[in-house]
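The values are calculated or read from the model by the stated rules, or taken from the named source; none is laboratory data. Remember, predicted model here, so these are calculated numbers, not experimental data. Heads up, the Cβs are rebuilt from the backbone with ideal geometry, glycines too, and the neighbour counts pull from every protein chain shown.
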Amino acid sequence: MADRVSVTIRIGGGLSRIKLTDLVAIIESYALTDWLGEYFHLDRITGLEPLELGANEVAWGRLGDLEDFCIANGLPFQRWCGSYPGGWEAERLVYDGLTEPRSYTVTDNDIVVVTEPEVCSLGTFGAIGAYLQSASLELPPLTIVDEGEQDHG
């Protein structure tokens, strides 16, 4: 049996309308809900803000298919998962839509933690500040675009 924890994900950027059914199927496969606990439905994509979803009891704190879909389609996201005692620390995964996803150790309240080895590696307060800033991505709204209009934010 898999170790399970709570997960939240925020997704932004422009998604081609022809990929929308694929996104919906993946979201439904994880039984993701909004912050009120209501299951996802299309009116949650307003085009005015990032899509915010979450779930409890997610295996290994990963939304692998959803994260892979976002990466394949250039959709920036931030995913947080809680810690699992004796298994892993809480994590924030940040994907800007262009570069490789970056993982940050965080508290269970999603506050970024800079470890001693990271402090030694970064070396200066300026570098530490830049590292902390890179952990917070300003996500664009999630929008559905027709073919030829795609904009990743």
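A quick yes/no check of all residues on (1) free of Cβ contacts under 8 Å to residues at least 24 places away in the same chain; (2) assigned to a strand (DSSP E or B); (3) touching a strand residue (DSSP E or B) at 6+ places or on another chain (Cβ under 6 Å); (4) of a type outside the set (A, V, I, L, M, F, W, C):
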{"position": "9", "(1), (2), (3), (4)": "no, yes, yes, no"}
{"position": "21", "(1), (2), (3), (4)": "yes, no, no, yes"}
{"position": "25", "(1), (2), (3), (4)": "yes, no, no, no"}
{"position": "37", "(1), (2), (3), (4)": "yes, no, no, yes"}
{"position": "43", "(1), (2), (3), (4)": "yes, no, no, yes"}
{"position": "52", "(1), (2), (3), (4)": "no, yes, yes, yes"}
{"position": "65", "(1), (2), (3), (4)": "no, no, no, yes"}
{"position": "69", "(1), (2), (3), (4)": "no, no, no, no"}
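Could you tell me whether residue 82 is closer than 24 Å to residue 17 by Cβ, surrounded by 14 or more Cβ atoms within 10 Å (Cβ to Cβ) and modelled with pLDDT under 95? The answer is no for residue 82. State the number of residues belonging to region 79-92 that are in contact with a Lys or Arg (Cβ under 6 Å, 6 or more places away or on another chain) and farther than 16 Å from residue 113 by Cα. Qualifying residue count for the region: 0. Listed by position, the strands (runs of 3 or more DSSP E) enclosed by region 91-146 that each have at least 1 residues that are closer than 17 Å to residue 63 by Cα and charged (D, E, K, R) are 91-95, 102-105. Hey, does region 86-96 have a residue that's crowded, with 19+ Cβ neighbours inside 10 Å, among the acidic types (Asp, Glu) and in contact (Cβ under 8 Å) with a residue 40 or more places away in the chain? Looking through region 86-96, at least one residue is crowded, with 19+ Cβ neighbours inside 10 Å, among the acidic types (Asp, Glu) and in contact (Cβ under 8 Å) with a residue 40 or more places away in the chain.
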